Number of protein chains: 4
Amino acid sequence: MQVKHLEITENMTINEFIKQLDESGVLGAGRIAHATNLLADSIKDPDTQVFLSLAGPMIPGGLRKIVRDLVANKQVDLIISSGANLTHDLVEAFGGNHYKSTGEDDEVLQDSGMGRIADIYTHADDFEVFEEEIQKIFADINQEYKQLSIQEFIYEIGLRIDDDESFIKMAAENNIPIFAPGIIDCMIGLQLWIYTQDHDFILSAAGDMTYLSDCVFKSKHVTACMLGGGLPKHYTLASNILTGGIDAGIQITLDRSEGGSLSGAPLEEAKSWAKAKKGSNLVTVIGDATVLFPLIVAGALDKIKI
Amino acid sequence: MQVKHLEITENMTINEFIKQLDESGVLGAGRIAHATNLLADSIKDPDTQVFLSLAGPMIPGGLRKIVRDLVANKQVDLIISSGANLTHDLVEAFGGNHYKSTGEDDEVLQDSGMGRIADIYTHADDFEVFEEEIQKIFADINQEYKQLSIQEFIYEIGLRIDDDESFIKMAAENNIPIFAPGIIDCMIGLQLWIYTQDHDFILSAAGDMTYLSDCVFKSKHVTACMLGGGLPKHYTLASNILTGGIDAGIQITLDRSEGGSLSGAPLEEAKSWAKAKKGSNLVTVIGDATVLFPLIVAGALDKIKI
Amino acid sequence: MQVKHLEITENMTINEFIKQLDESGVLGAGRIAHATNLLADSIKDPDTQVFLSLAGPMIPGGLRKIVRDLVANKQVDLIISSGANLTHDLVEAFGGNHYKSTGEDDEVLQDSGMGRIADIYTHADDFEVFEEEIQKIFADINQEYKQLSIQEFIYEIGLRIDDDESFIKMAAENNIPIFAPGIIDCMIGLQLWIYTQDHDFILSAAGDMTYLSDCVFKSKHVTACMLGGGLPKHYTLASNILTGGIDAGIQITLDRSEGGSLSGAPLEEAKSWAKAKKGSNLVTVIGDATVLFPLIVAGALDKIKI
Amino acid sequence: MQVKHLEITENMTINEFIKQLDESGVLGAGRIAHATNLLADSIKDPDTQVFLSLAGPMIPGGLRKIVRDLVANKQVDLIISSGANLTHDLVEAFGGNHYKSTGEDDEVLQDSGMGRIADIYTHADDFEVFEEEIQKIFADINQEYKQLSIQEFIYEIGLRIDDDESFIKMAAENNIPIFAPGIIDCMIGLQLWIYTQDHDFILSAAGDMTYLSDCVFKSKHVTACMLGGGLPKHYTLASNILTGGIDAGIQITLDRSEGGSLSGAPLEEAKSWAKAKKGSNLVTVIGDATVLFPLIVAGALDKIKI
């Protein structure tokens, strides 16, 4: 099939733009079009569950509303997140913000109480509010429960959030489970440890597996949409081993494959482990997810509607 | 300034999408928005000349029409290209095409006469036509000239092309110079060597410098838009050393900086060499230019119109 | 200071080679020399504790003996590992192996029960033995304990391993703690879940923080040596926030910074979060840790001896 | 075949270290061992010609002596270089140096006349001497010749250099041709243009092809060793198309493949173009060539001797 050259004009819609990428069909253009079509089909198909994994600074990096909207519209069915993305959702839910870098030196930032994520800043003040508020929520949860699995714990937090822009809240309200196997490695985890110093509460590391495996077993088909790699990518793929692997997968990443780390591994590799089915529909998009996921979602929403 | 989260809805236009990236302002989103605004401003400003450099498979990868339209609309003022991008423009001008990969093994492709560029195929048949046609053009040029600089040579080729979709033809018609310091390292160069085996013609390696320096000196301001790195990126930057460096620069690349190669070097480094002015407006977009340049151009066209 | 050109001769020792890199002092050569000197100084200094983090396929990729020897010789003081590296250590401890790729298609590998990690294969047979053996160990541990933190759990496993080449065993014997906050996301975690389906045992997610913070507080100085990124890198840095950050850090990675993920983040960024002290000695080596860490260790061992 | 874990001890030689990498055989370790064995075999075999390509800051980055020694010992047979690596060899031949970065801002460097290449500095003073000296050499050459091909031109420069550490001089003395198709894009090119403003001399862009094709035709086997990508990599591969492609190839690069640029392209792709023979022995090493090439050369020298 011939490569058709992209025609770019004034006043284009995202839908027209994605169509141009699709007709080119090669390199990044082909990958983005493939991912967009696959995401649209997966959302539209009532027999397909969409698992979304979040690693890297997706929430601080501008995707909070997109994730929240996908949850609110039940366009994703299950989330596997790094602890950090949950923390940053809560920081904003409690009134904090993320800020654009002004290019300060990191030692100066330390003195100013500003944590840096690439060109994003956080403020110590916002984390102080976060600490206060999350401790109150822990205490409230602890009145009802002495032990929870991580997913149950996040769900309970979600029920106690007062911000409709929070994807954790929206997920709780819509019964979309959020898993975070590495939750202990974030500010929520640190605060929980402080809380448990003088309170009787235990978070079970292995407690989610039964529910997660139920989610997998009850899914006729699974499309995994993986933003970044890390623990969330692996947990997403590994949970599907129980049914012979995912049916389709999209990953958006800047990581590379040669060092052998899972974050950069081609999705094809997952087939060898039966984490992806033979014949599964897999596409890797190389690039920055904070631009390319919005583009793919915008394109998919247009296709779903039609 | 706060990071505003992107809001993605149905029926978005590119203009609305870029506006969302701009309001986020961080990571890839911020870089794309910055590049889009800078390109639009540079095209609109009559005192700014836009230099476009092409390295990597831009023409086989689907950008032929975009480059051609930028040239036809005089939205770029000067092009510095790899030899390969010129060759691939001519392959199509002479009736050939580029094709989407069907995943064959490279040894099988060799037997089938199909050259591979990532997931793009070329056909030996198309190159045979190319060879015949380019030899005719060489002979025609040689009737008038015994010696040309590389830019003059490409211009003369452009005048003899019969395809309005060719950016080389459009550039010749619009008096937009194309430089290609490494032209000898492509099929045009190979064919030229064959031609010169029994014809009296010499292509001067250093012959373009006077005209290129004239182009630079007569430009009040220069914005360099660099797709990929390599020789075209360096030549673009180095040519501006004569006037103290470029005033603004956009590069789109997947290369990285740590090995010290120019292709992955941050544009800031160009300041040390006076290839970029102090205070110049520089932005590096990390990603695949075959997707991100069309997005940036689409966004810029909307901004120019307004 | 001038860049001295490397002189490479026959019969060089690693020590001479590293000396050449040091005298060059730039690009990768400078980074490797810096890391080697820093690791040697950190190991030699009785007041410095070396924290080693393991992400990516370090154990399957050939580093098992190096990590084991560093532990046996008490040259590292604390390990933070991905679950996978623990699993792969146990697979070998129970008699299994890792194998070099023979280039099979991933769908064929699935049918053959061979999991692929880049160009490394695992065998289903080895995992079957692993499953049997780890279940026996769980049962044995469970006779003594109904609840453990993750670090305690790995320690108890280590005590029950019968392979002196296992770094988990050596760590247990030498009282070098191993933390693995994401342990649930690996075959050990999956097997533990199966075990807990009909046994009364709970693994506490937050249970390690007290001991880890004790380790940090009792360390006069901390040098973090981070192979790969992910959860292990973040947990290593974050645990040091309690004392104002690490004093020195080495990371070896192929990940890049522009997407904002922690795995690719420059170590300087850790200063803004007080995860690295102001003035701390930080070096990032870009490359494949399965080659560069052995080189750095070899160089450091020579320097320690002297 | 099983992955054998690396054993690292005190007082290791490079030879022992490479042997450990070879026995591991996977990931970067396997690639380095493969490249080392291939380079050693290629140098030892009198029927194999070794083509070395140089892109990226190899000479400023500390490899000048290694390249010079390979040339002096006739361990490479033909060089294809970027213009910049030739310029930097001459800068040192004329008494200049390269310097380690002291971390200055690029705008400050501009004012100080210091050009930056990653963490390497150059001094304007050294370039002033370069300009004076190269102009004298041009004048001397021009007394004998009015037209030269690029390779002939570099050879003539080499004959006029008074520094035994210069690889250009050593190459001229040993009749090892140096090709540099993009020479016009470096300080030598700029100075040549200045020279030709008022002198009658022409450098022929296509003039080298006949000699280069003779070199290729007279080589029984060719092993291409490619440091970095760019024009030098492509020219190296493309020149071998005349005989059906290289027999073996090593590339060391940090570039990646997904964008389709030749610099990051897997060597396998060259088979489709008949730039590498079917069944050719090809290995890509991912990493910084300024560390890994010295390591590979050191390992190869030990193997050659044996």
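The values are calculated or read from the model by the stated rules, or taken from the named source; none is laboratory data. Just so it is clear, the model here is predicted, and its values are computed rather than measured. Cβ placement follows ideal geometry from the backbone for every residue including glycine, while neighbour counts extend to all protein chains displayed.
Numbers below:
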| item | result |
| --- | --- |
| Single residue of the range A:59-91 satisfying the filter (within 14 Å of chain B (Cβ to nearest Cβ) and among the acidic types (Asp, Glu)) that is surrounded by the most Cβ atoms within 10 Å (Cβ to Cβ) | A:89 |
| From B:29, B:40, residue being within 12 Å of another protein chain (Cβ to nearest Cβ) and within 23 Å of residue A:61 (Cβ to Cβ) | B:29 |
| Contacts under 8 angstrom Cβ, first residue in the range B:186-203 being without any contact (Cβ under 8 Å) to a residue 12 or more places away in the chain, partner crowded, with 17+ Cβ neighbours inside 10 Å, 6 or more apart | B:190/D:209; B:190/D:238; B:193/B:184; B:193/D:206; B:193/D:209; B:196/B:202; B:196/D:206 |
| Number of the condition not met by residue A:32 [criteria: (1) within 18 Å of residue A:290 (Cβ to Cβ); (2) free of Cβ contacts under 8 Å to residues at least 40 places away in the same chain] | (2) |
| Residues located in the range D:152-171, provided they are away from chain B (no Cβ under 14 Å) and under 27 Å from residue B:259 (Cα atoms) | D:165, D:166, D:167, D:168, D:169, D:170, D:171 |
| Residue within the range B:277-287 that is under 17 Å from the mean Cα position of the chain (by Cα), modelled with pLDDT of 95 or more and outside any strand (DSSP E or B) present | yes |
| Selected residue (only one of A:20, A:49 is in a strand (DSSP E or B) and either within 7 Å of chain B (Cβ to nearest Cβ) or of a type in the set (S, T, N, Q) (or both)) | A:49 |
| Some residue of the range A:194-206 being facing chain C (nearest Cβ under 9 Å), β-branched (Val, Ile, Thr) and over 26 Å from residue C:275 (Cβ atoms) | yes |
| Among (1) of a type in the set (Phe, Trp, Tyr); (2) more than 20 Å from the chain's Cα centre (by Cα); (3) within 30 Å of residue A:168 (Cα to Cα), the one test that residue A:51 misses | (2) |
| Count of the range A:265-284 residues which are surrounded by fewer than 24 Cβ atoms within 10 Å (Cβ to Cβ) and either among the small types (Gly, Ala, Ser) or in contact (Cβ under 8 Å) with a residue 40 or more places away in the chain (or both) | 6 |
| Residues of the range C:135-151 satisfying the condition of being more than 15 Å from residue C:193 (Cα to Cα), in contact (Cβ under 8 Å) with a residue 24 or more places away in the chain and either exposed (fewer than 13 other Cβ atoms within 10 Å of the Cβ) or away from chain A (no Cβ under 12 Å) (or both) | C:145 |
| Of the criteria (1) buried (at least 21 other Cβ atoms within 10 Å of the Cβ); (2) over 23 Å from residue D:120 (Cα atoms); (3) more than 8 Å from chain D (Cβ to nearest Cβ), which one residue C:35 fails | (2) |
| Any hit, the range B:89-98, residues being in contact (Cβ under 8 Å) with a residue 40 or more places away in the chain and within 14 Å of the chain's Cα centre (by Cα) | yes |
| The range A:93-130, subset more than 27 Å from residue A:159 (Cα to Cα) and of a type in the set (Val, Ile, Thr), residue surrounded by the fewest Cβ atoms within 10 Å (Cβ to Cβ) | A:102 |
| Filter result for residue A:243 (hydroxyl-bearing (Ser, Thr, Tyr), more than 8 Å from every other protein chain (Cβ to nearest Cβ) and farther than 22 Å from residue A:297 by Cα) | yes |
| Residue that is among the aliphatic types (A, V, I, L, M), in contact with a helix residue (DSSP H, G or I) (Cβ under 6 Å, 6 or more places away or on another chain), within 30 Å of residue C:187 (Cα to Cα) and not in a helix (DSSP H, G or I), where the choices are A:188, A:176 | A:176 |
| Tally, over the range C:92-114, of residues that are touching a Ser or Thr at 6+ places or on another chain (Cβ under 8 Å), within 17 Å of residue C:63 (Cα to Cα) and either within 14 Å of chain A (Cβ to nearest Cβ) or basic (Lys, Arg) (or both) | 2 |
| So residue A:183, is it outside any strand (DSSP E or B) and under 17 Å from the mean Cα position of the chain (by Cα) | yes |
| Some residue of the range A:194-217 being under 15 Å from the mean Cα position of the chain (by Cα) and either crowded, with 24+ Cβ neighbours inside 10 Å or part of a loop (DSSP other than H, G, I, E, B) (or both) | no |
| Flag for residue D:270 being more than 22 Å from residue C:34 (Cα to Cα), touching a Leu at 6+ places or on another chain (Cβ under 6 Å) and within 14 Å of chain C (Cβ to nearest Cβ) | no |
| So residue C:56, is it under 12 Å from the mean Cα position of the chain (by Cα), in a loop (DSSP other than H, G, I, E, B) and within 11 Å of another protein chain (Cβ to nearest Cβ) | yes |
| Of all residues making up the range D:224-264, the number that are surrounded by 24 or more Cβ atoms within 10 Å (Cβ to Cβ), free of Cβ contacts under 8 Å to residues at least 24 places away in the same chain and closer than 20 Å to residue B:265 by Cβ | 1 |
| From C:300, C:274, C:238, C:270, residue being over 27 Å from residue A:256 (Cα atoms) and not in a loop (DSSP other than H, G, I, E, B) | C:300 |
| Options A:264, A:249, A:230: the member that is within 7 Å of another protein chain (Cβ to nearest Cβ), within 15 Å of residue A:53 (Cα to Cα) and of a type outside the set (Val, Ile, Thr) | A:230 |
| Test: residue in the range D:174-182 that is β-branched (Val, Ile, Thr) and either more than 19 Å from residue D:88 (Cβ to Cβ) or within 11 Å of chain B (Cβ to nearest Cβ) (or both) | no |
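Quick grid of which residues meet (1) at pLDDT 95 or above; (2) hydrophobic (A, V, I, L, M, F, W, C); (3) over 26 Å from residue A:267 (Cβ atoms):
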| site | (1), (2), (3) |
| --- | --- |
| C:107 | yes, no, no |
| C:113 | yes, no, no |
| C:116 | yes, no, no |
| C:137 | yes, yes, yes |
| C:142 | yes, no, yes |
